[in-house]
Amino acid sequence: MKLIFEKSRPGRRAIRWPEPVAPVSLERRRDLCRSSPADLPEVSELETVRHFTELSRRNFSVDTHFYPLGSCTMKYNPRGCEAAAALGGFSDLHPLLPQLRHGGQLTQGALQLLYELERMLSDICGMAEFTLQPMAGAHGELTGAMLMAAYHRDRGNRKTHVIVPDAAHGTNPASARLAGYDVLSIPSRADHHMDVDRLLSSIRTDTAGIMLTCPDTLGAFPARITEIAAAAHAVDALMYYDGANLNAILGRVRPGRLGFDICHVNLHKTFGTPHGGGGPGAGPVGVAERLRPYLPISRVRTHSDGTYYLDYDAPKSIGYIAPFYGNFAVLVRAYAWLRMVGREGLRAVSNLAVLNANYVQERLRPHLDAVNPGRCMHECVFSGRRLAARGVRTLDLAKALIDRGLHPPTVYFPIHVPEALMIEPTEAESRETLDRFCDAVIECVELARRDPDALRRAPATTPVGRLDEVAAARRMDLAWTGPDGAR
Ligand SMILES: *Cc1c(COP(=O)(O)O)cnc(C)c1O
């Protein structure tokens, strides 16, 4: 496929603007004007539309392909939620419209939505209050770690480190570090599961908190959570819940009831909003009662007459972590999703997510090494080490799935499982789709025995085959070079 610059012909236009009339303000600022025209492709509107439609068709997305990316919860994003986010009252809202009591009518609906979404999330997670401001899971974690630090500072606690199991997402230790703590990493046991005894014996008086993902990144619900929480609270350490895997327990288990004090959820995972191209997302953070004073500003509050306003008066707050309402359009989608699914629907979501993952786990168990000997939660993890012994790596298997019209699962995460393959089907997929996926994986595993080279050559159906990933990262070349060498 040609680049749009290669399709360019001098003078071709998609649209013709009238010549500008007296750009007075610019006349005075000649220094801000270009000396030569911008080097843009010259193409017709039809060519532009075809170009980008063609490009989009070469991509994998939840709308076009099964997308079993473990830990990412790539579920269907209902069109109804898109329609809600596109409503003029939301999409035309300017962040600087007045939200105070007088003249704030235009923002009342938006503020009510935020207020109610905060309460729904608090209810689902068993937390006293939520902030909707963080714009991603990692941003939520950073907010949570800052809340932890503010709490300890305020109480005069001398705390030095945060405990994180080595199976955690890399953003966990990074967030703890950014909040000023050392990270005490707990190695997993030989069977890859969390070493609870070692974790318990690592808790000291200067432990600031413990960050846990639950279910963990193996798709297993860690044992003895309440025991860990009691030991943490005995030294005034806080329990942090990484809620990226909330899809497994939605409507059934409230992290707050397990003893967690801070939790973040990923609206772009569990609550049906799009991941986009790595964004936009939202990572709201919930806290237990004693952490409320530290939540970021602003807070949505109600006047006695039931109208809503934004409150910036919070002396102990960690301050701003995002401007205005956070990632507002994402919050509207999550609100719409929750309203559509309802309380009973939430339980159906987690039921089906867990059932689907177990279905895949048991179909693939005879062919790959399952990390969980028993049932899994919402995702299942395999090690491809038997294939690796025959010279076929998990990466080769993943690439071969692309040729079969499937987005590969997560590979090489969690990092402590050799040749890891992590599959999360979500509740949104049908049994037929799961069977088609399992059939393709099994076909590839068998092919690895007969003709390992066929897998090592994959993908063959994509515009670009295997890349030299090291060179792609180290010797990046992102600029197009024209026929005359111009860039
Ligand atoms: C996705 C994920 C995160 C980070 O969320 P982002 O929105 O990608 O920043 C953190 N922890 C776990 C376990 C995750 O899967």
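The values are calculated or read from the model by the stated rules, or taken from the named source; none is laboratory data. Since the model is a prediction, treat every value here as computed from it, not as a measurement. Here Cβ is always computed from backbone atoms with ideal geometry, including for glycine, and neighbour counts include all displayed protein chains. With ligands, DNA and RNA removed, areas are computed over all heavy atoms of the protein, side chains included. Shrake-Rupley method; radii C 1.70, N 1.55, O 1.52, S 1.80 Å.
Think of each Lys and Arg Cβ as +1 and each Asp and Glu Cβ as -1; about the Cα centre, that makes the dipole of segment 79-340 roughly 160 debye. Carbon and sulfur: what percent of segment 32-93's accessible surface (1.4 Å probe)? Reported share for carbon and sulfur atoms: 56 percent.
Here the peptides 375-386, 462-473 are ranked by packing, the mean other Cβ count within 10 Å, and the order with the highest first is 375-386, 462-473. Computed over segment 263-304, the P(r) tail beyond 15 angstrom holds 56 percent of alpha carbon pairs. Counting heavy atoms of the protein chains alone, Arg30 has an accessible area of about 150 Å² for a 1.4 Å probe.
Rolling a 1.4 angstrom probe over the protein heavy atoms with all chains in place gives segment 79-340 an accessible area of 39 Å² per residue.
The magnitude of the dipole of the chain, with charges of +1 and -1 set on the Cβ of Lys/Arg and Asp/Glu and taken from the Cα centre, is near 380 debye. Here the simple spin-label model places points 7 Å from the Cα toward Cβ, and for Leu478 and Arg155 these points are separated by 4.4 nm.
Per the Debye formula on identical point scatterers at the alpha carbon atoms of the chain, with no solvent, log10 I(q)/I(0) at q = 0.08 Å⁻¹ is -0.60.
You can think of it this way: the chain between Phe5 and Ala389 has 133.6 nm of extra reach, that is 0.36 nm per residue less the Cα-Cα gap.
Which shape class, rounded, prolate or oblate, goes with segment 161-203 when its Cα gyration tensor gives a ≥ b ≥ c as root eigenvalues, a/c under 1.5 marks rounded, and past that a/b bigger than b/c marks prolate? It is oblate, given that a/c is not under 1.5 and a/b is not larger than b/c.
Given R₀ = 56 Å, FRET efficiency for Asp435-Glu289 by Cβ-Cβ distance, to 0.05?
Numbers: r = 47 Å, r/R0 = 0.84.
According to the calculation, E is roughly 0.75.
With both residues required to sit in the chain, DSSP beta bridges show an antiparallel share near 50%. When the listed pairs Lys2/Lys399; Lys75/Lys399; Lys269/Lys316 are checked against a 26 Å cut-off, the alpha-carbon distance exceeds it for Lys269/Lys316. Extending 7 Å from Cα along the Cβ direction at Glu42 and again at Ala223 yields two label points whose distance is 7.3 nm.
Remark on segment 52-192: ratio of C-alpha radius of gyration to 2.2 N^0.38 Å is 1.43.
Cα convex hull, segment 79-340: 126 Å³ per residue, rounded to a whole number. Return the aspartates and glutamates within reach of Lys159: Cα separation strictly under 14 angstrom, same-chain partners fewer than 8 residues apart disregarded; answer none if there are no such residues. Filter leaves Asp182, Asp206, Asp236. Evaluated on segment 343-472, the Kirkwood hydrodynamic radius is 15.3 Å, with distances taken between all distinct Cα atoms. Just the protein heavy atoms count here, and of the accessible area of segment 206-328 at 1.4 Å, carbon and sulfur take up 53 percent.
Rounded to the nearest 0.05, what FRET efficiency do Asp453 and Ala83 give with R0 = 41 Å and r taken as the Cβ-Cβ distance? Could you check?
0.25
The spacing between segment 368-389 and segment 421-487, judged by their C-alpha centroids, is 20 Å.
At a 1.4 Å probe radius, which order do Met340, Met239, Met146 fall into by accessible area, largest first?
The ranking, largest first, comes out as Met340, Met146, Met239.
Charged side chains reduced to their Cβ positions (Lys and Arg at +1, Asp and Glu at -1) give segment 303-394 a dipole of some 760 debye around its Cα centre.
Within the assembled protein chains, the solvent-accessible surface assigned to Tyr76 is about 100 Å², based on a 1.4 Å probe.
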